[in-house]
Ligand code: ZN
Ligand code: ZN
Ligand code: ZN
């Protein structure tokens with residue numbers, strides 16, 4: 001178990017968030033339950049319900065958390081609680097009137113992307129002159145740069161996913177349904193210390209051509225190419241890795257060719273990683289390799305996404321994303337080729353930006369593994 005984050009950690013994060021909000025021209029931030037609230041306060045309500053919970057951050061003011069009265073003891077028990085001014089509202093009273101007292105009436109706020117529409121509309125009705133924008137648009141970098149303790153957790157999550165991959169190579173594929181292999185992957189992730197499995201893609205044969213195929217009833221056969229993409233949370237931080245395997249030793253030439261192209265694209269994009277290049281540059285490098293090999297039109301997915309407290313978050317490695325890479329950022333590099341009706345190949349590692357390069361959190365071999 002890594003050492004838990006302290007109230008000092010949470011205070012520093014909240015101060016930095018409030019400062020970034022001010023710099024972005026905002027009056028402050030309204031953070032509802034989810035990864036941002038966990039990041040800033042350590043507070044994770046037992047269930048996210050229709051009852052309003054919100055953290056209000058504004059530069060120069062003590063962070064304020066408003067919670068339903070019946071959940072107050074839970075909030076007070078969270079790791080960051082002593083840095084917060086906690087207030088509550090009771091069932092039968094107006095939560096938006098109560099929350100609006102924490103806001104500037106004509107303020108401009110960044111609000112959690114996942115805030116319920118009813119809460120946002122409630123705040124707007126209570127304060128008709130207040131304005132809101134989604135937090136990831138207002139402050140896309142809020143959680144993007146990880147500190148050393150976070151990097152340690154992400155590295156451990158990656159290593160655990162790698163162990164799961166190592167073990168999955170030993171299970172039977174041929175004659176079993178994708179769902180069965182997916183269940184094996186989920187069990188392995190939990191055995192290796194994950195507390196939550198977010199996805200277990202087992203995309204065999206033609207199903208591999210759909211980058212977002214999860215797993216279905218298709219029975220895997222000898223001769224299939226199978227995309228395995230799996231991840232979840234370990235000690236609160238994400239894993240996400242993909243390897244493509246082949247069932248049986250007789251690998252068709254085109255599968256070998258495509259796999260090698262994707263491997264090179266992944267490697268070159270990884271080697272391009274260094275502070276100061278843009279996110280889109282990572283995508284461009286991978287795309288150039290695949291395009292040059294004649295498969296450009298079959299690389300239908302962006303090259304990567306950020307990872308941290310969630311398995312998919314900003315920044316995105318995609319054309320148009322001009323955000324610069326900064327040491328401590330963590331994201332996937334996952335080029336793929338998706339051939340409709342036939343098969344798909346994807347190779348994915350989580351990578352972090354160091355002072356002068358990239359460092360992988362997934363380190364299983366990139367060659368086309370043979371399973372049986
Ligand atoms: Zn995707
Ligand atoms: Zn993935
Ligand atoms: Zn991914």
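The values are calculated or read from the model by the stated rules, or taken from the named source; none is laboratory data. Predicted model only: the values in this text are computed from it and were never measured. Reconstructed Cβ throughout: ideal geometry from the backbone, glycine too, with neighbour counts over all protein chains shown.
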Does residue 85 qualify as being free of Cβ contacts under 8 Å to residues at least 40 places away in the same chain and farther than 19 Å from residue 116 by Cα?
-> yes
Just need a number here: residues in the stretch 31-44 that are part of a loop (DSSP other than H, G, I, E, B) and touching a strand residue (DSSP E or B) at 6+ places or on another chain (Cβ under 8 Å).
-> 2
Scanning the stretch 211-242 residue by residue, the ones that are more than 16 Å from ligand 1 (Cβ to nearest atom), under 21 Å from the mean Cα position of the chain (by Cα) and not in a loop (DSSP other than H, G, I, E, B) total 3
For the stretch 290-334, what are the residues that are within 12 Å of ligand 3 (Cβ to nearest atom) and not in a strand (DSSP E or B)?
-> 301, 302, 303, 307, 310, 311, 312, 334
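Yes or no, residue by residue, for (1) more than 16 Å from ligand 1 (Cβ to nearest atom); (2) closer than 21 Å to residue 241 by Cα; (3) touching a residue at least 12 places away in the same chain (Cβ under 8 Å); (4) not assigned by TED's automatic domain parsing to the domain that holds residue 173:
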site	(1), (2), (3), (4)
303	no, yes, yes, no
306	no, yes, yes, no
313	no, yes, yes, no
318	no, yes, yes, no
322	yes, no, yes, no
343	yes, yes, yes, no
360	yes, yes, yes, no
364	yes, yes, yes, no
367	yes, yes, yes, no
Could you please tell me which pairs satisfy a Cβ distance under 8 Å, a separation of 6+ or placement on different chains, a first residue in the stretch 206-219 that is within 15 Å of ligand 3 (Cβ to nearest atom), and a second residue that is part of a loop (DSSP other than H, G, I, E, B)?
-> 211/300; 211/301
Would you point out the residue of the stretch 335-353, among those that are over 16 Å from residue 201 (Cα atoms) and part of a strand (DSSP E or B), that is farthest from ligand 3 (Cβ to nearest atom)?
-> 339
Look at residue 256 and say whether it is closer than 19 Å to residue 333 by Cα and assigned by TED's automatic domain parsing to the domain that holds residue 213.
-> no
Conditions (1) within 16 Å of ligand 1 (Cβ to nearest atom); (2) farther than 18 Å from residue 317 by Cβ: number failed by residue 258 | (1)
Restricted to the stretch 271-289, and to residues that are assigned to a helix (DSSP H, G or I) and within 16 Å of ligand 3 (Cβ to nearest atom), which residue is surrounded by the fewest Cβ atoms within 10 Å (Cβ to Cβ)?
-> 283
Which ones in the stretch 324-341 are under 20 Å from residue 354 (Cβ atoms) and within 16 Å of ligand 1 (Cβ to nearest atom)?
-> 331, 332, 333, 334
Please tell me if residue 198 is under 21 Å from the mean Cα position of the chain (by Cα), surrounded by fewer than 21 Cβ atoms within 10 Å (Cβ to Cβ), in contact (Cβ under 8 Å) with a residue 40 or more places away in the chain and on the phi > 0 side of the Ramachandran plot.
-> no
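Quick grid of which residues meet (1) at pLDDT 95 or above; (2) over 18 Å from the mean Cα position of the chain (by Cα); (3) under 20 Å from residue 202 (Cα atoms):
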{"position": "299", "(1), (2), (3)": "yes, yes, yes"}
{"position": "303", "(1), (2), (3)": "yes, no, yes"}
{"position": "313", "(1), (2), (3)": "no, no, no"}
{"position": "317", "(1), (2), (3)": "yes, no, no"}
{"position": "329", "(1), (2), (3)": "yes, no, no"}
{"position": "355", "(1), (2), (3)": "yes, yes, no"}
Determine, yes or no, whether residue 248 is at pLDDT 95 or above, more than 16 Å from ligand 3 (Cβ to nearest atom), out of contact with any strand residue (DSSP E or B) (no Cβ under 6 Å at 6 or more places or on another chain) and on the phi > 0 side of the Ramachandran plot.
-> yes
